[in-house]
Amino acid sequence: MLLAVSDNAGHGLFATVERVINQVLYARAKGLEPFVYVGELVFAEGTSCEHGPQPYFDPAQGDNLWEYFFEQPGVRGLRLADLGGARGGGARGGSGALVRSVQVVPPELLYAPSGGTGNFTQTYPMDYTYNTYNEPLRRRFRAAAHAVLGDRAALVRPALRRRARAEWRRWRRVSSRILGVHVRGTDKTVAPRVPPEAYFPFVDAWLARAPDALVFVATDQASYLHSFEARYGRAAVVGGAGGAGRVLSSLAARRTDQFIHASSGGRDGGGSGEGNSGGGAQGVGSGGFARGRAALHDALLLSECDFLLKSASAIPEFALWVRPALHERHVDLQLEDRFRSQQLPAWAAHLAADGGAAFCAALARGCALDAADDAAAAAAAANRTRLTSASASASSSSSAAAAALLNQPHRCARCLPPVDGRNAAAAAATRAVPAGARCDGGSGPRLLTLAECMAFARLPPHAHAYKFIGTQVERSEFPGCILWKGKYVEFNDHRLQRRGCNVHAQQGECLCTSAP
């Protein structure tokens, strides 16, 4: 038997689900029977950074967090105490199955293309780093997860599935066209935020399709939901309240303590973490179970929608895992390539015009609003820290410092610059420089801008020879435009040249331009 566990106290509910799914896939590939146990403490070295309490554990719900939300993917009826008997002649659980040995698998092996099984799922694949949508890879990851979770989320506890479907049926009675929208807020750090305003051009187009069209907004940040309701109005089917508006939201999310706390702030709202988004550790007893249940409820509702708008987050990815049809019926707004790698649906095709200009403008407006709110929150946090009494306890000081850290500005998404004839001259004058050389400009070559680097890869005569793979910030490497292995073009977004060109050992070439 393979014991599938949670190994990182920083994981939210859906990061834990991803890890468990990959352990189950590993067990099946190796001919082992999986048994999932997620207890009060994660399965990690006691002195490691990953060790600590499981954020969604609630002793009132039982000793195995997995079974709060999901069925066992293998033998049912076993308890963790039963497995100790495997050291003797074997152990039999409630199912009568005989357990002769118990094994665990290191987490790094689960994601290894070689050495592991090669069959795994991943919420945040490399294309989020390189700003392009890798459709075959995403399809493979989603199919792997679906093989464990089953059709219509069969592995989810029946009572939770019934609860979500009952709410969905109420919505479906009043609309045949429901757009699902997931907007990640609060402590999003895995990828830059995509604020509500970026979704508005798509929502406008969806609601214009038919009078009964509605939009279901799932978010961990109350102020983000309020932004949608201010623009489109709250639909009357939300808890029997609301009016002639078009926005749906789940009662489960509204009733969690994180949402209540978030409701009192400004646009940023001061939310209590990412309990409704799949990450961010909440301490035992802080309502983690309720937040986890609300997050799963939202994910199940998103999986029922007719089309899905998402960014980088595990909740909408779970919806795609349990309903494969959404793979062809969603748009990922996290990617910054102006929809070059995604095909928009017919009802939103106009948003790809002019390099996605309408979307990019809306995204910029939303980022400006978020930046203003972040600045206000940081100022308020700094003021609270200054007011902390010198005689305050160490724990109070630590809490104030932690609050200040959580109120640091968030990164916001962007659109990559457009590539056109204005960049062509610099691209045509691009040359590789020798190892150790610099591109300081003046009478010599200069660094390319991001738009010029993209033009070098995308405009003739290199349009089919090179592939632009995106941007990064790696200060130990030469800045600007880099050609890797004679094919892949990447932009290293910093300006420090003190090391000179230093990427030849990694099969890289430093590109500079002689254009003024």
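Laid out as a table, the results:
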read-out: Under-5 Å amide H pairs with Val102, H placed in peptide plane, nonlocal only; value: none
read-out: Highest-first arrangement of 169-179, 41-51, where packing means the average Cβ count within 10 Å; value: 169-179, 41-51
read-out: Overall Cα dimensions of the stretch 421-513 - principal axes, largest extent first, Å; value: 31, 29, 21
read-out: Spatially proximal aspartates and glutamates relative to Lys485 (Cα-Cα < 17 Å; intrachain offsets below 8 disregarded); value: Glu477, Glu509
read-out: Size of charge dipole - the stretch 421-513 - debye, nearest 20, with Cβ of Lys, Arg +1 and Asp, Glu -1, no other charges; value: 60
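Quick note: the coordinates plus some simple rules give every number you see, no bench work behind them. Values in this document were obtained by computation on a predicted structure and should not be read as measured data. Counting neighbours? That spans all protein chains shown, and the Cβs are built from the backbone with ideal geometry, glycine included.
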